[in-house]
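A.B. asks: After the structure tokens below, expect a handful of questions from me.
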Amino acid sequence: MSGNTLGHLFRVTTFGESHGPAIGCVIDGCPPGLPLSEADIQPELDRRRPGTSRHVTQRQEADRVEILSGVYQGVSTGTPIALLIRNTDQRSKDYGNLHETFRPGHADYTYWHKYGVRDPRGGGRSSARLTAPIVAAGAVARHWLAAQHGVRLRGCVTAIGTHELAMDDWSQVHANPFFAATAQGLDAVEAYMDGVRKAGDSVGATVYVEAGGVPVGLGEPVFDKLDADIAHAMMGLNAVKGVEIGSGFASARQMGSEHGDELTPQGFASNHAGGVLGGIASGQDVTVRIAIKPTSSIRIPRRSIDLHGQPAEVVTHGRHDPCVGLRAVPIAEALLALVLMDHALRHRAQCAGVWVPTPDIARG
């Protein structure tokens, strides 16, 4: 299987399956001398970890990360960094009824046609379990970005199903199980999610993520634009069906006099572009929204076919997120960090000596 690597100079390759002995990644291209330990990575994995509330899958995984290579005496050596996360709570018997049929909305059918063999246990390689190594790699990237450029990343859930969530208090993101940047309306959301879970159904979500302090100049047009690579990375996240940069689809309803972000000596007057102009970072906050579909694995009987094309009924057992978007915030942050670090290294390689007299108005 190809297509398991993200990045050019900062390259991350993931491996493993949902019900295999372990999952992990290999990071190639991390500069030497970065102070790094498991303690720098584990907090991000804890944010993504399953079983943290009744509103997510009850699979109990500690997701303890192990650094196998690339770090000596507490600093990166410049050699490949191998990260391992052991699976400890697989229940493969829950998927015994899927060997002969396909879950609607899942990758079962397409994997079978493409490879002629598939691992039905938890989705195998197509499982959202494989986002854990991405979060681990992203923790390394955001650690370097903060140290080198002061880049700050944060994200939140802005909608769960039909429930829109305000963004009025970022301090609340870590104080509720919904990654919501608000304290308003959460009782209604909790009741809504309880109903979805009890019905054996699932629901989608919208996630917002931003990066502040991004250096002006990152991005390589024409085909390696910063926003294009961000969209590419975000679409690699399980269940993502839409990506917006800045004003996104709302841009189609704006006038040019509204959408174009005016420049002043004091900074940009707005940020409809989402921090990217012509595929190159403007120095403003890079802002991204992603739409996440409802979890495909549900307990409600669904029509399908068996391996011979005959009608079948599928009921998915096991432990699944009624809203996979609830744990997507740290993953989206990690993916944004990976793209930004890759472009920071690429920019440094080609344009480290570039100087212009114009000030960076985004930083003041």
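A.B. asks: Given R₀ = 22 Å, what would the calculated FRET efficiency be for Arg154 paired with Asp40, taking r from the Cβ atoms and rounding to 0.05?
C.D. replies: 0.80
A.B. asks: Between Ala269 and Arg363, what length comes free when the chain is fully extended (0.36 nm per residue of separation minus the Cα-Cα distance, one decimal in nm)?
C.D. replies: 32.5 nm
A.B. asks: Follow-up. Tell me, what is the FRET efficiency for Thr162 and Arg299 to the nearest 0.05, using R0 = 22 angstrom and their Cβ-Cβ distance as r?
C.D. replies: According to the calculation, E is roughly 0.55.
A.B. asks: Subtracting the Cα-Cα distance from 0.36 nm times the residue separation, let me have the gained length for Ser251 to Ser171 in nm, one decimal. If you can, show how the numbers build up before the last one.
C.D. replies: On the way: separation 80, 0.36 × 80 = 28.80 nm, distance 2.93 nm.
Roughly 25.9 nm would be gained on extension.
A.B. asks: For the stretch 98-248, list log₁₀ I(q)/I(0) at each q in 0.09, 0.17, 0.21 Å⁻¹, using the Debye formula over Cα point scatterers of equal strength and ignoring solvent, two decimals each.
C.D. replies: Computed log10 I(q)/I(0) values: -0.41, -1.25, -1.42.
A.B. asks: So how do 149-159, 67-77 stack up, highest first, on mean other-Cβ count within 10 Å?
C.D. replies: 149-159, 67-77
A.B. asks: Same structure, new question: Indicate the helices, whole DSSP H runs only, in the chain that combine a mean Kyte-Doolittle hydropathy of 0.5 or more with a Cα extent along their long axis of 20 angstrom or more.
C.D. replies: Qualifying helices: 131-149, 329-351.
A.B. asks: Using helices alone, I'd like the mean residue ellipticity at 222 nm for the chain: each DSSP H run of four-plus residues gives -39500 (n - 2.57), total over residue count, nearest 500. Can you show the working numbers first?
C.D. replies: Working: 7 runs with 88 residues, N = 364.
Only helices count here, giving -7500 deg cm²/dmol.
A.B. asks: Once the Cβ-Cβ distance between Val315 and Asp224 is put in as r, and R0 is 45 Å, what FRET efficiency do you end up with, to the nearest 0.05?
C.D. replies: 0.50
A.B. asks: To one decimal place, what Kirkwood hydrodynamic radius in Å is obtained for the stretch 282-358 from all pairs of distinct Cα atoms?
C.D. replies: 17.2 Å
A.B. asks: Cα centroids of the stretch 218-236 and the stretch 272-296: how far apart, whole angstrom?
C.D. replies: 10 Å
A.B. asks: Averaged across orientations, what area in nm² does the convex hull of the alpha carbons in the chain project? The partial results should precede the final answer.
C.D. replies: Working: hull surface 78.4 nm².
Spelled out: convex hull of the Cα atoms, projected over all directions, averaged, 19.6 nm².
A.B. asks: Right, another one. Tell me the Kirkwood radius of the stretch 223-266: reciprocal of the mean inverse pair distance over distinct alpha-carbon atoms, in Å.
C.D. replies: 12.6 Å
A.B. asks: Moving to a separate point now. Please state the shape class of the stretch 219-364: rounded when a/c is under 1.5, otherwise prolate if a/b exceeds b/c and oblate if not, all from the C-alpha gyration tensor.
C.D. replies: Here the stretch 219-364 falls in the prolate category.
A.B. asks: Within the chain, what is the longest stretch that has no GluC sites (Glu not before Pro) placed in a DSSP loop and near at most 16 other beta-carbon atoms within 10 Å? It would help to have the intermediate numbers written out before the result.
C.D. replies: Numbers: sites that count: Glu100, Glu262.
With a cap of 16 other Cβ atoms within 10 Å, the longest stretch comes to 101-261.
A.B. asks: While we're here: Taking 1 over the mean of 1/r across every pair of different Cα atoms in the stretch 252-319, what Kirkwood radius in Å do you get?
C.D. replies: About 16.8 Å, per the Kirkwood formula over Cα pairs.
A.B. asks: I've got another one for you. Given Cβ point charges of +1 (Lys, Arg) and -1 (Asp, Glu) and nothing else, what value in debye, to the nearest 20, does the dipole of the chain about its Cα centre take?
C.D. replies: Numbers: 34 positive and 37 negative charges, 196 e Å.
So the magnitude is around 940 debye.
A.B. asks: Sort 222-233, 337-348 by packing, meaning the average of other beta carbons within 10 Å per residue, with the highest value first.
C.D. replies: 337-348, 222-233
A.B. asks: Let me ask something else. How many lysine pairs are close in the chain, with Cα atoms under 25 Å apart and the two 8 or more places apart or on different chains?
C.D. replies: 7
Each reported figure results from applying straightforward, stated rules to the coordinates on display, with no laboratory input. This is a predicted model, so every value here is computed, not measured. Positions of Cβ are generated from backbone atoms using ideal geometry, with glycine treated the same way; all protein chains shown enter the neighbour counts.
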